[in-house]
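Before any comments, here is the structure.
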Amino acid sequence: MPVYLKDIREFPELESVKSVLIIPCRFCPAASMAVRTNRPYFEFLRRFLKTASYEELIENIKSNLEQKGVKTDVFKSRWLHQFVVCMWTSRRRKKLLKRARKYEALVVLGCEAAADTIHDAVKTTSCKVFQGMRTEGIMSIKPLFHIPCNMSLELNNVTPLVHQTKHSVAWITL
């Protein structure tokens, strides 16, 4: 039951900062992008555990910021247990804290739980945390397997969250 997320492509607030670290969650956002673009979730033989449409989104955000003179980088996760940001270990959070100190702002590509995880991990820094995606609901999906080792997701429906309102948490700025 992945969360269905919609990306935010423009960050005018970030034009005044000099450096941004992009922190992608690799589960729900990747599934959302695969469903929205009707492209494979995983192409195991070509990209292993990366979703092409999600990688393109990350690269677009990065290049848009760089065109405006903002130094950017992506906080990469190499191991499967690091892919889901809201379930990061304390060791992974400490690694982010160390790296985040070199940046003025962080853009979290994930749900509110991912943004909360990141905010909590870097609360001792002066980094501003921005959420780069918004939750639209919970996806009901069917995984589909295709030759040669590709996995796609077929969207059945998106169930809106009952308590969902216009999100306005003080520390998340858009």
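The values are calculated or read from the model by the stated rules, or taken from the named source; none is laboratory data. These figures come from a predicted structure and were not determined experimentally. Note that we place each Cβ from the backbone using ideal geometry, even for glycine, and neighbour counts take in every protein chain shown.
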(request) Report whether or not ARG134 is among the basic types (Lys, Arg) and either without any contact (Cβ under 8 Å) to a residue 60 or more places away in the chain or within 20 Å of ARG9 (Cβ to Cβ) (or both). (result) yes
(request) Spot the failing condition for ARG36; the list is (1) closer than 19 Å to CYS111 by Cβ; (2) surrounded by fewer than 20 Cβ atoms within 10 Å (Cβ to Cβ); (3) at pLDDT below 90, and only one is missed. (result) (3)
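Within 18 Å of LEU5 (Cβ to Cβ), in contact with a helix residue (DSSP H, G or I) (Cβ under 6 Å, 6 or more places away or on another chain) and not polar (S, T, N, Q), is that true of VAL107? Lay out the reasoning, then the answer.
On the way: within 18 Å of LEU5 (Cβ to Cβ): yes; in contact with a helix residue (DSSP H, G or I) (Cβ under 6 Å, 6 or more places away or on another chain): no; not polar (S, T, N, Q): yes.
When the stated conditions are applied, VAL107 does not pass them.
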(message) Condition (residue is of a type in the set (Phe, Trp, Tyr), outside any loop (DSSP other than H, G, I, E, B) and out of contact with any Pro (no Cβ under 6 Å at 6 or more places or on another chain)) applied to the stretch 114-130: is it met by at least one residue?
(response) yes
(message) Can you confirm whether VAL158 is β-branched (Val, Ile, Thr) and either assigned to a loop (DSSP other than H, G, I, E, B) or over 30 Å from ARG91 (Cβ atoms) (or both)?
(response) yes
(request) Just give me the residues in the stretch 90-107 being surrounded by fewer than 18 Cβ atoms within 10 Å (Cβ to Cβ) and aliphatic (A, V, I, L, M), in sequence order. (result) LEU97
(message) Let me spell it out: the conditions are (1) closer than 15 Å to MET133 by Cβ; (2) in contact with a helix residue (DSSP H, G or I) (Cβ under 8 Å, 6 or more places away or on another chain); (3) at pLDDT 90 or above; (4) small (Gly, Ala, Ser), and ALA115 meets all of them except one. Which number is the exception?
(response) (2)
(request) Inspect all residues belonging to the stretch 65-83 and state whether any of them is within 26 Å of VAL158 (Cα to Cα) and either small (Gly, Ala, Ser) or at pLDDT 90 or above (or both). (result) no
(request) Kindly establish whether MET133 is more than 18 Å from LEU21 (Cα to Cα) and not β-branched (Val, Ile, Thr). (result) no
